[in-house]
Amino acid sequence: FAWLDRLSERGINFIKGRVAGLVLSGVLSVAAIALFIQPGLDYGVDFTGGTLVEVTAPSVSVDELRTTLENRNLTSASIQELGGKGDFLIRLPAQATVGEGAAHPVEVLKAAVTSLQPDASFPKVDLVGPKVSGGFSDATILAILLAGAGMLAYLWIRFESHFALAATLTIALDLTKTIGFFALAGVEFNLTAVAALLALIGYSVNDKVVVFDRIRENLRQTPDMPMLDLLNQSISSTLTRTVFTSVTTFLALLPMGIAGGAAVSSFALPMLFGIVIGTSSSVFIASPILYYLSERRTRKGLPQLRPSPEEIRAQLELIP
């Protein structure tokens, strides 16, 4: 990554395309909202209701099980491998059917599994009703709102209001794009996906805090520097750290996204997408928004930063 240091030393103007970056981000977020409305998300059993069946069949592979279920017209079944060999969790959506006049889907599933291994067992069969799945939906919305409110409160305490607002708007844009990724890629939206969204909020906030902290530090050291130059200098000085963090996290999640299968795809794939979006937005979205908000404060005659403890003490010493 020596090229990152050389790139930083050259003083690349990261804010030069600020208008194009903000417009592109806005268009992508609007498109993501449109995808959320139509065709919408592929909600899992956690949100739509259905049946969860635990299966223990040590001599059966996941590919054999999937092929057998498809041959029995259970194409909507979702298979998740559990901890032990041959342990599976199969989700049947509430609308799962196997043809007119056929047996109940759970009975068809059991027959399909026992055709592969006659001594297979079914430790637990749980029915997720519409009331429970509706409760999951309400809890999901509440969790995301509480996480967003908590992050906003932290940013408001840690930074000045325009820093907090810039970070919050950027995170909102990141989340809408990630929701659009769910709709476009057809990744199942379940409770694991909710965990991914909450993790992305934390990751994105951490990235913005690093950049904003350097911006604030440079504002105190060189308050007379033009804002565009100061933003570029701050981004350049944190670029290596930001890329290192993003690449290592991306590489850690990549095997899960490639070979993890359906068990972790709802977490790994949106996280991979979110890391790319969150890292780029720290440079090309959050900083331009902060620039326009800081210009607005300047026109109002407001300071960019709160007085530091040293400045407050110096002012108190001047009081007769």
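Using alpha-carbon positions, what is the distance between the centroids of segment 185-261 and segment 280-299, in Å?
Cα centroid to Cα centroid, the span is 16 Å.
Give me the base-10 log of I(q)/I(0) for segment 136-222 at each q in 0.10, 0.17 Å⁻¹, Debye formula, one uniform scatterer per Cα, rounded to two decimals.
Summing over Cα pairs of segment 136-222 leads to -0.30, -0.73.
Which residue, MET271, MET225, MET256, tops the fluctuation ranking in a GNM of the chain built on C-alpha contacts under 10 Å?
MET225
What is the set of long-range amide H partners of ASP42 at a cut-off below 5 Å, with H atoms built 1.01 Å from backbone N?
For ASP42, whose amide H was placed from the backbone, the distant partners under 5 Å are PHE189.
Once you've got the GNM for the chain with C-alpha springs shorter than 10 Å, pick whichever of ILE33, ILE157, ILE179 has the biggest mean-square fluctuation.
Result: ILE157 has the largest fluctuation of those listed.
Hey, any idea what the orientation-averaged projected area of the convex hull of segment 178-320's Cα atoms comes to, in nm²?
Numbers: hull surface 45.4 nm².
Directional mean of the projected Cα hull area for segment 178-320 stands at 11.3 nm².
Highest GNM mean-square fluctuation, the chain, Cα pairs closer than 10 Å: which of GLY274, GLY202, GLY301?
With Cα springs under 10 Å in the chain, the top fluctuation among GLY274, GLY202, GLY301 is at GLY301.
With θ taken as phi - 60° and the coefficients 6.51, -1.76 and 1.60, list the Karplus ³J(HN,Hα) couplings across segment 30-39 in order, rounded to whole Hz; mark glycine and proline as x.
Coupling constants for segment 30-39: 5, 4, 5, 5, 5, 5, 5, 6, 8, x Hz.
Taking amide H positions as placed in the peptide plane 1.01 Å from N, state which residues far from LEU82 in sequence (5 or more) or on other chains have amide H under 5 Å from it.
Sorted by chain and number, the residues that satisfy this are ASP87, PHE88, LEU89.
Hey, any idea what % of the chain's accessible area is carbon plus sulfur with a 1.4 Å probe?
64
Rounded to two decimal places and with Rh computed the Kirkwood way over Cα pairs, what is Rg over Rh for segment 15-75?
Details: Rg = 21.1 Å, Rh = 16.1 Å.
My calculation of the ratio gives 1.31.
How charged is the neighbourhood of PHE163? Take every other residue with its Cβ under 9 Å from the Cβ of PHE163, and add Lys/Arg as +1 and Asp/Glu as -1.
On the way: positive: ARG158, LYS208, ARG216; negative: GLU160.
So the surrounding residues net to +2.
When all protein chains stay in place, what accessible area (Å², nearest 10, 1.4 Å probe) is found for THR48?
50
Considering only lysines 8 or more places apart in sequence, or on different chains, count the pairs in the chain whose C-alpha atoms sit under 30 Å apart.
Going through the chain pair by pair, I get 10.
Take the Cα of THR114, step 7 Å along the line toward its Cβ, and report every residue of segment 42-56 whose backbone nitrogen sits under 18 Å from that point.
Zone members listed by number: 53-56.
If only Cα atoms are counted, what is the Rg of segment 223-278, and what is its Dmax, in Å?
16.4, 54
What are the residues whose amide H is under 5 Å from the amide H of LEU74, where those residues sit 5 or more places off or on another chain and H is modelled from the backbone?
Here the answer is none, since no amide H 5 or more places off falls under 5 Å of that of LEU74.
How large are Rg and Dmax for the chain when calculated on the C-alpha trace, in angstrom?
Every Cα atom of the chain included, Rg and Dmax give 25.3, 93 Å.
If only Cα atoms are counted, what is the Rg of segment 185-264, and what is its Dmax, in Å?
Rg, Dmax (Cα atoms, Å): 17.5, 54.
In sequence order, what are the phi-derived ³J(HN,Hα) couplings for segment 236-244 according to the Karplus relation 6.51 cos²θ - 1.76 cosθ + 1.60 with θ = phi - 60°, rounded to whole Hz, with x for glycine and proline?
4, 6, 9, 5, 4, 4, 4, 5, 4
Calculate the spin-label point distance for ALA195 paired with PHE250, positioning each point 7 Å from the Cα along the beta-carbon direction, and give it in nanometres.
Placing both labels 7 Å beyond Cα along the Cβ direction yields 2.4 nm.
What list of ³J(HN,Hα) values in whole Hz, one per residue of segment 152-169 in order, does the Karplus curve 6.51 cos²θ - 1.76 cosθ + 1.60 (θ = phi - 60°) give from phi, with Gly and Pro shown as x?
4, 5, 4, 5, 5, 6, 6, 10, 6, 4, 6, 5, 4, 5, 4, 5, 5, 4
Treating the beta-carbon of each Lys and Arg as +1 and of each Asp and Glu as -1, no other charges, what is the dipole magnitude of segment 102-257 about its Cα centre, to the nearest 20 debye? Spell out each step's value before the answer.
Numbers: 10 positive and 12 negative charges, 24 e Å.
Dipole size: approximately 120 debye.
The values are calculated or read from the model by the stated rules, or taken from the named source; none is laboratory data. Keep in mind that this is a model prediction, so the values were computed, not measured. FYI the Cβ positions are ideal-geometry reconstructions off the backbone, even for glycines, and counts take in every protein chain you see. Remember, those area values only see protein heavy atoms, side chains included, never the ligands or the DNA or RNA. Shrake-Rupley method; radii C 1.70, N 1.55, O 1.52, S 1.80 Å.
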